[in-house]
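Enquirer: Mind looking over this structure? Questions follow.
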Amino acid sequence: MSGDLNALRPVVRALAREGGLRLHAGMGLAVVTALAGLGLLALSGWFITATALAGLTAAAALAFDVFVPGAGVRGFALLRTAARYGERVTTHDATLKALAAFRERLFRGWARPQAARTLLARPARLLFRLTSDVDALDALYLRGIIPLVACAATAAVAAILLSFLDFRLGLAAGGALLVGGLGVAVLAARAARRPTRRRAYAGEALRARVVDMVRGQTELVMAGRLAPQTDAVMAADARQAQADDALNRIEVRAGAALTLLTGALLAGVLAAAAHLAEGGTIGAPIAAMALLAVFAAVEPFGALRRGALEIGRAALAAKRLAPRLSDTDSSAEDAPVAPSPEPGVALRLAEAAARHAGDRGFALAPVTLTLRAGERVAIVGPSGAGKSTLMALMAGEIAPAAGSVTAAPAAWLSQRTTLFRDSLRDNLRLAAPDADDARLRDALSGAGLGAFAGRLDAPLGEGGMGLSGGQSRRLALARLLLSDAPLWLLDEPTDGLDGPTARDVLRRLVAKTRGRTLVVATHLRREADVCDRVIVLEGGRVVADLARGAPDFRSALDRLRPD
């Protein structure tokens, strides 16, 4: 239990920082709501009992003032209604804004070096962090802190109220409320810790396996793995159902314990009130008021008991998210690529090396390299030589494991084509949100997709479904052509295109890159031939850096795959 509380501390601090005064206002309104309910029930009990006794004689009935207590009852009722409305609006607004800020911070955290590779490796897990884990944190404030504050306030006020009748009664009733009510909540939270976590893990497994089965059903059928995948989905569903049953049993037992506590507390207060009334210390209306005040003070503990069942889930989410949420500013971390150091230089690597996650050795040995503004450079070498790794280092997608990288702002066309289920226009505007249709059509023509210029409103399927592989590649190239970045990095831009189409695209590309620095990673001669400098990689090392006109420049091109 103490481990859960330690995990929750950084989230509570982040919640307070993001929610600000709204969180405190919500807690204040929750206290007002609970106390207004206590006052309403206590005063109503006194009023009804006093009215009944006053009606026993005509003289007492005539002398009894019904207006002041009646106005008090109406006042408490209106106050409780208004405070409850304000509390719900304020607390939920504060919580939703805080969770939105958490999600923004997570997005910023995942926009760091190697983020895309991590997302591709574990997409479901990171999606759950962003959705279900962040959602689980609302229980911390709405169903944890708010009921706890309300419970403490009502228990204190009930104890003070009873202390006017008898100090020992107030002390005993307040202690029983706090110790018993909080004890039930703590025991419920401890009992629910494991099933809550089992339910969270089973829910994540269920969603991931269902998505895998739906998206990969064709491949699963062809591989004969659909039935085992269906069994895995059913097993995850069964584990989630078992956890739900366990949590339901815990909630029922906690409810029963709270009911027994309420009965015992009411019986004790009733006995004490009867004793005080018998001794002439109090009358029947005061006794009724005391009894109903205690009954109203128990109500917030029911909400706390229900919230205690969710604290384990919130603690699990906090452990996962706290490292990200505790960052004050994700942009404050060391950037993988520093701005270009001097005019006329587009990119400079100083003994820069790269290492893949989990590997001890370098995937790319230390490289020292300078690219001047306006150069067109080809990076060539066999598969696995490190071309894509060098491009990722230049783009800032991976941080250097050694040395440093300084570069002008870059636009990168990687080997992976990412398109979204949206219109053609909106897929292009990811690179230039303010681009008008004329500029979008020009980019399409530049990428060899002039036939699509009149279909900007055409919808694309998920991942660019509806386009061929070559069309998807050219659409991604058109998006890059919209970029104003002075450094363009292209990883095999015409791979998969036929010769005439590829040459036309390259001709248009060269025309578009005037005044910009172009770096092309390629194994095709046609792509390297548009460049004036060739860098040869082998085994993660630069083995040659050749300018056009150098003795080995032409032989380096001849070793590439022909068109």
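Enquirer: Stick to Cα atoms and the Kirkwood definition of Rh, then tell me Rg/Rh for the chain. Write out the running numbers ahead of the final one.
Expert: Details: Rg = 34.8 Å, Rh = 29.4 Å.
Using only Cα positions, Rg/Rh for the chain is 1.18.
Enquirer: Same structure, new question: With a Förster radius of 45 Å, plug the Cβ-Cβ distance of Ala16 and Val179 into 1/(1 + (r/R0)^6) and report the FRET value to the nearest 0.05.
Expert: Efficiency at R0 = 45 Å is approximately 0.95.
Enquirer: Within the chain, what percent of beta bridges assigned by DSSP are antiparallel, to the nearest 5?
Expert: Just about 45 percent of them are antiparallel.
Enquirer: Okay, next question. Express in nm, to one decimal, how much length is gained between Gln415 and Thr81 on full extension, taking 0.36 nm for each residue of separation and deducting their alpha carbon distance.
Expert: Details: separation 334, 0.36 × 334 = 120.24 nm, distance 5.98 nm.
Once the chain is fully extended between Gln415 and Thr81, it gains 114.3 nm.
Enquirer: How much length would be gained if the chain were fully extended between Thr513 and Ser404, taking 0.36 nm per residue of separation minus their Cα-Cα distance, in nm to one decimal? Don't skip to the end; give the middle numbers.
Expert: On the way: separation 109, 0.36 × 109 = 39.24 nm, distance 2.62 nm.
This chain segment gains 36.6 nm when fully extended.
Enquirer: Per DSSP H run of at least 4 residues, take -39500 (n - 2.57); add these up for the chain, divide by its residues and hand me the 222 nm value, nearest 500 deg cm²/dmol.
Expert: Working: 18 runs with 344 residues, N = 563.
Result for the chain: -21000 deg cm²/dmol, rounded to the nearest 500.
Enquirer: Which peptide among 25-31, 509-515 comes first, and what is the full order, when sorted by highest mean count of other Cβ atoms within 10 Å?
Expert: So the peptides 25-31, 509-515, ranked by packing, come out 25-31, 509-515.
Enquirer: Please arrange Val210, Val252 by counting, for each residue, the other beta carbons lying within 10 Å of its beta carbon, fewest first.
Expert: Fewest-to-most Cβ neighbours within 10 Å comes out as Val252, Val210.
Enquirer: In the stretch 460-480, whose amide N lies under 13 Å from the spot 7 Å out along Cα-to-Cβ of Leu226? List them in ranges.
Expert: none
Enquirer: What ranking do 254-263, 423-432 get when scored by the average of other Cβ atoms within 10 Å per residue, highest first?
Expert: Values: 254-263: 16.0, 423-432: 18.2.
The densest-packed peptide leads the list: 423-432, 254-263.
Enquirer: Compute the signed sum of charges (Lys and Arg +1, Asp and Glu -1) over the other residues within less than 12 Å, Cβ to Cβ, of Ala287.
Expert: Counting the neighbours of Ala287, the net charge comes to -2.
Enquirer: For Arg561 and Gln217, FRET efficiency with R0 = 35 Å and r from the beta-carbon atoms, rounded to 0.05?
Expert: The value I calculate is 0.45.
Enquirer: Now for a different question. Calculate the FRET efficiency for Thr57 and Leu171 from the Cβ-Cβ distance with a Förster distance of 45 Å, rounded to the nearest 0.05.
Expert: 0.75
Enquirer: Moving on. With +1 on each Lys and Arg Cβ and -1 on each Asp and Glu Cβ, and nothing else charged, work out how big the dipole of the chain is about its Cα centre, in Debye to the nearest 20.
Expert: 680
Enquirer: Hey, got the dipole for the stretch 2-331? About the Cα centre, +1 on K and R Cβ, -1 on D and E Cβ, debye to the nearest 20?
Expert: Dipole size: approximately 1480 debye.
Enquirer: In the chain, if the dipole is taken from +1 on Lys/Arg beta carbons and -1 on Asp/Glu beta carbons about the Cα centre, which of Gly403, Gly268, Pro147 is farthest to the positive end?
Expert: Final value for the positive-end residue is Gly403.
Enquirer: Here is a further query. Where Lys and Arg each count +1 and Asp and Glu each count -1, what net charge lies around Met391 among other residues with Cβ under 11 Å from its Cβ?
Expert: -2
Enquirer: Okay, moving on. Over every pair of different alpha-carbon atoms in the stretch 338-558, take the mean of 1/r and invert it; report that Kirkwood radius in Å.
Expert: Kirkwood radius, the stretch 338-558: 18.0 Å.
Enquirer: Between Asp484 and Val66, what is the label-point separation in nm under the 7 Å Cα-to-beta-carbon projection?
Expert: Rounded to a tenth, the inter-label distance reads 7.7 nm.
Enquirer: Go through the stretch 185-191 residue by residue and turn each phi into a ³J(HN,Hα) via Karplus (6.51, -1.76, 1.60, θ = phi - 60°); whole Hz please, and just put x for glycine and proline.
Expert: 5, 5, 5, 5, 5, 5, 5
Enquirer: Continuing with this model, one more query. If you split all Cα-Cα distances of the stretch 2-331 into 10 Å bins from zero, what percentages do you get per bin, shortest first?
Expert: Over the stretch 2-331, the share of Cα pairs per 10 Å bin runs 6, 20, 24, 21, 14, 9, 5, 2, 0, 0 percent.
Enquirer: Next up: Just going by the charge dipole of the stretch 338-558, with Lys and Arg at +1 and Asp and Glu at -1 on Cβ, which of Ala363, Cys531, Ala431 is farthest out on the positive end?
Expert: Ranked along the dipole, the leading option is Cys531.
Enquirer: Next question, about the same structure. Simple spin-label model, 7 Å along Cα-to-Cβ: Arg103 to Asp237 in nm?
Expert: A separation of 2.8 nm, rounded to one decimal place.
Enquirer: Using only the alpha-carbon atoms of the stretch 393-437, report the extent along each of the three principal axes, biggest first, to the nearest angstrom.
Expert: Result for the stretch 393-437: principal-axis Cα extents of 42, 21, 11 Å.
Enquirer: Treat every Asp and Glu Cβ in the stretch 463-563 as -1 and every Lys and Arg Cβ as +1, leave all other atoms uncharged, and give the resulting dipole magnitude about the Cα centre to the nearest 20 debye.
Expert: It works out to roughly 300 debye.
Enquirer: If you don't mind, another one. Between Ala453 and Arg425, with labels modelled 7 Å along Cα→Cβ, what's the label distance in nm to one decimal, could you check?
Expert: The modelled label-to-label distance comes out at 1.7 nm.
Enquirer: Listing Asp231, Asp532 from the residue with the fewest other Cβ atoms within 10 Å to the one with the most, what is the order? Numbers along the way, then the final one.
Expert: On the way: Asp231 11, Asp532 15.
Ordered from fewest to most neighbouring Cβ atoms within 10 Å, Asp231, Asp532 come out as Asp231, Asp532.
Enquirer: Check Val345: other-chain or 5+ apart residues with amide H under 5 Å from its amide H, H built from backbone geometry?
Expert: Ala373
Enquirer: Would you be so kind as to identify which of Val380, Leu137, Thr418 lies farthest towards the positive end of the dipole of the chain, taking Lys and Arg as +1 and Asp and Glu as -1 on Cβ and the Cα centre as origin?
Expert: Toward the positive end, the furthest listed residue is Val380.
Enquirer: Next up: Among Val89, Val73, Val380, which comes first, then next, by fewest other beta-carbon atoms within 10 Å?
Expert: Val89, Val73, Val380
Enquirer: Could you list which residues have their amide H under 5 Å from that of Ser423, counting only those 5 or more apart in sequence or on another chain, with H placed in the peptide plane?
Expert: Leu460
Quick note: the coordinates plus some simple rules give every number you see, no bench work behind them. All of these numbers come straight from a predicted model, not from anything done at the bench. Glycine gets a Cβ as well: all are built from the backbone with ideal geometry, and neighbour counts include every protein chain shown.
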